[in-house]
1. Of all residues being in contact with a Phe, Trp or Tyr (Cβ under 7 Å, 6 or more places away or on another chain), of a type outside the set (Ser, Thr, Tyr) and in a helix (DSSP H, G or I) in region 145-164, which is surrounded by the most Cβ atoms within 10 Å (Cβ to Cβ)? Just the residue, please.
2. Looking at region 180-211, which of the residues that are farther than 26 Å from Ile128 by Cα and of a type in the set (Gly, Ala, Ser) is surrounded by the most Cβ atoms within 10 Å (Cβ to Cβ)?
3. What residue, of Thr62, Thr103, Thr130, is modelled with pLDDT of 95 or more and closer than 23 Å to Ser214 by Cα?
4. Cβ contacts < 6 Å: first residue among the acidic types (Asp, Glu), restricted to region 192-210; second residue buried (at least 20 other Cβ atoms within 10 Å of the Cβ), any location; separation 6+ or different chain. Result?
5. From (1) among the small types (Gly, Ala, Ser); (2) surrounded by fewer than 18 Cβ atoms within 10 Å (Cβ to Cβ); (3) under 23 Å from the mean Cα position of the chain (by Cα), pick out the condition that doesn't hold for Ser94.
6. Taking the options Phe87, Phe142, name whichever one is surrounded by 14 or more Cβ atoms within 10 Å (Cβ to Cβ), in contact (Cβ under 8 Å) with a residue 12 or more places away in the chain and of a type in the set (Phe, Trp, Tyr).
7. Would you say Leu301 is assigned to a strand (DSSP E or B) and either buried (at least 19 other Cβ atoms within 10 Å of the Cβ) or modelled with pLDDT of 90 or more (or both)?
8. Taking region 24-39, which residues are buried (at least 21 other Cβ atoms within 10 Å of the Cβ) and touching a Phe, Trp or Tyr at 6+ places or on another chain (Cβ under 7 Å)?
Amino acid sequence: MVAIPDYEVYFRWVILSHLRLHQFKNHENSSFDFCDKINSISGPNGSGKTNILDAIYTLSNTKSYFNHIDQQLIQFGREEYSLKGLFHSSQFGSNLDLDFLLTLQNKKKSLKKNGKLYSRLLEHIGTIQTVFITPYDISLVFEGSEERRKFIDFTISQIDKNYLLALVDYRKYLDQRNAFLRNNFGRNIDSLVLESFDVKISPIADEIHKARKSFISEFAPLFDENYKFISESIEVPQIEYLSPLNNRTMLSVLEENRASDILSQRTALGVHKDDIEFMLNDQVLKKFGSQGQIKSFVIALKIAQYQYFKKNSQQNPILLLDDIFEKIDAQRSQKLMERMCSNEFGQIFISDTHSERIIEHFKPFDVAQKHFNLVK
């Protein structure tokens, strides 16, 4: 095994040792005991292997990676689901066991930590950090700006609780401002009331913009390094942060667009419209990038996300890899697996349709491994 560098002893290791799924998607009652490094889950399509990874993500983040509607997570014909996870945390020689129980019952979601109910679900965010790499991640490149904002907001929120609270407040005041514009359309808008909304929302927007700008500055070098490792090329990737607040304040943006906002009955510009543009050799990735370049770009984004979490929280996140071997060729995937078997990464979960392929990939590495084979 690769020797652990001295600095690694200061990192907090978080391991999922046991997971139970009850009426979650296609799992009636499933339980798994995991090892602390490589856990592979294989089986035919429809056997529920991706759902196990999503259960880990859901338990860690209080929401599914794939389903925005909580009710869709409940097994067909049932009325509730629950996820239970036992985590083991170790840092500075001290050990801590964490027991989480997430339940959706009567359309109400609740989460307990060691038997104690969270008063708000967002209190849990950042406790167990996860990075999920799936075939659907190309939506980061091809879908609208909302997907990319979600990526930024999720990443920062795992580290900075104040940023998460700022997002909640911003959305609240934005909804109130938009409702005011809609409800008073065609009337003489009270400018003092509209200005009061602007005064509330502007400092929060400026705070969000500052955090995003700082994040991109720290994240971009990590991403650049990983793209060059994965693509094995000298191509120059770029991430550009697009925001109307890059050269002015939110208050000035709202003042300049007040007339058009009144006509359109919505707040047209602000941090809720921010975007990041992905470039490769000064060309827009989604227009000119090849399939291989886009795959490499997305994986590099996620590995950089992992490194960002680790650097800022002193914690090894849990890495979830869904059909990773379908994304890149055998040579590059083997090189990536070799890196993941080092002490740079903590616990890893991998799903694949072929158990033999997973076992073959990890056979050369002297690390803890556990393989699960599902049937339909």
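1. Looking at the filtered set, the residue picked out is Ile156.
2. First, the residues of region 180-211 that are farther than 26 Å from Ile128 by Cα: 180-206.
Of the ones still in play, those that are also of a type in the set (Gly, Ala, Ser) are 186, 191, 196, 202, 205.
On the way: Gly186: 6, Ser191: 10, Ser196: 14, Ser202: 20, Ala205: 26.
Taking the candidates together, the pick is Ala205.
3. The match here is Thr130.
4. Asp198/Leu254; Asp206/Met250; Glu207/Ala166
5. Here Ser94 meets the rest and fails (3).
6. Phe87
7. Details: assigned to a strand (DSSP E or B): no; either buried (at least 19 other Cβ atoms within 10 Å of the Cβ) or modelled with pLDDT of 90 or more (or both): yes.
No; evaluated as a whole, the condition is false for this residue.
8. Phe24, Ile38, Asn39
The values are calculated or read from the model by the stated rules, or taken from the named source; none is laboratory data. Remember, it's a predicted structure, so these values are computed and weren't measured experimentally. Every residue, glycine among them, receives a Cβ derived from its backbone with ideal geometry; neighbour counts consider all protein chains shown.
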